[in-house]
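Laboratory data are not the source of any read-out in this text; all were calculated from the coordinates shown. Given the structure is predicted, the values throughout are model-derived calculations rather than measurements. Here the Cβ positions follow ideal geometry from the backbone for every residue, glycine too, while neighbour counts run over all protein chains shown.
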Amino acid sequence: FVKIPIVQLALSVGTYLLLAYVLGQKELLNAKFEFLHAWDLGWVYLALWIIAQTRFRLGVNANAARAGARLDRPDQHIYKVMDPTAKKDAPYVLMANTGAAGRFNRAQRGVFNTDEGMPLFAVNTMLAGGVFGPLVIAPCLLSAYGRIKFGLGYTEDKNKRGAGFF
């Protein structure tokens with residue numbers, strides 16, 4: 001959780017320096033920063049960064065469970081025939097939900113559940129942040145806490161997934 005933000009910061013500063021001093025866009029960039037400052041939009045950027053860090057943390061959780069499940073990329077879930085006496089052409093196969101495979105599937109589901117709601121949440125955050133500025137940070141932090149609690153709890157046990165939503 002330290003390396004990635006440092007790399008992001010270095011890339012941001014490097015991009016600014018390239019645009020400002022090599023490509024001669026310093027005045028344009030300053031005008032954009034003045035706009036963001038005048039309309040108090042820095043909070044929107046902070047809120048979206050919090051959302052991104054939440055997603056990153058859940059991804060780390062899923063990847064930590066991947067090795068124990070012996071599931072390599074690009075596979076995203078482990079499926080298992082639940083009835084050993086079932087015909088080969090049985091109508092469906094369920095995701096594994098026990099052991100390391102189940103742990104990984106639940107961790108991955110926590111990530112995907114967050115991804116499914118993230119576009120709407122991010123858009124609403126941007127819209128609210130444009131109007132309410134710093135007040136948008138509190139619900140973002142609450143959501144980040146809840147989403148991470150949900151994902152970590154769900155990884156541990158399918159019955160512990162609800163805690164992050166309450």
Reported label for calculated log10 I(q)/I(0) by the Debye sum over Cα atoms at q = 0.11, 0.16, 0.20 Å⁻¹ given (1) -0.80, -1.05, -1.21; (2) -0.62, -1.00, -1.25; (3) -0.37, -0.84, -1.38 | (2)
Given a Förster radius of 41 Å and the C-beta distance between Leu36 and Gln76 as r, what FRET efficiency does 1/(1 + (r/R0)^6) yield to the nearest 0.05?
-> 0.65
Just tell me which lysines come within less than 30 Å, Cα to Cα, of Lys80; anything on the same chain fewer than 8 places away is out.
-> Lys88, Lys149, Lys158, Lys160
Could you tell me which chymotrypsin sites (Phe, Trp or Tyr not before Pro) in segment 29-116 are loop residues by DSSP with no more than 15 other beta carbons within 10 angstrom of their beta carbon?
-> Trp39, Tyr92
Packing rank of 7-15, 115-123, where each peptide gets the mean count of other beta carbons within 10 Å, highest leading = 115-123, 7-15
Between exposed trypsin sites (Lys or Arg not before Pro) in the chain, where DSSP calls loop and at most 13 other Cβ atoms lie within 10 Å, what's the longest gap?
-> 89-166
Percentage relative contact order, the chain, counting C-alpha pairs under 8 Å, at least six apart = 25
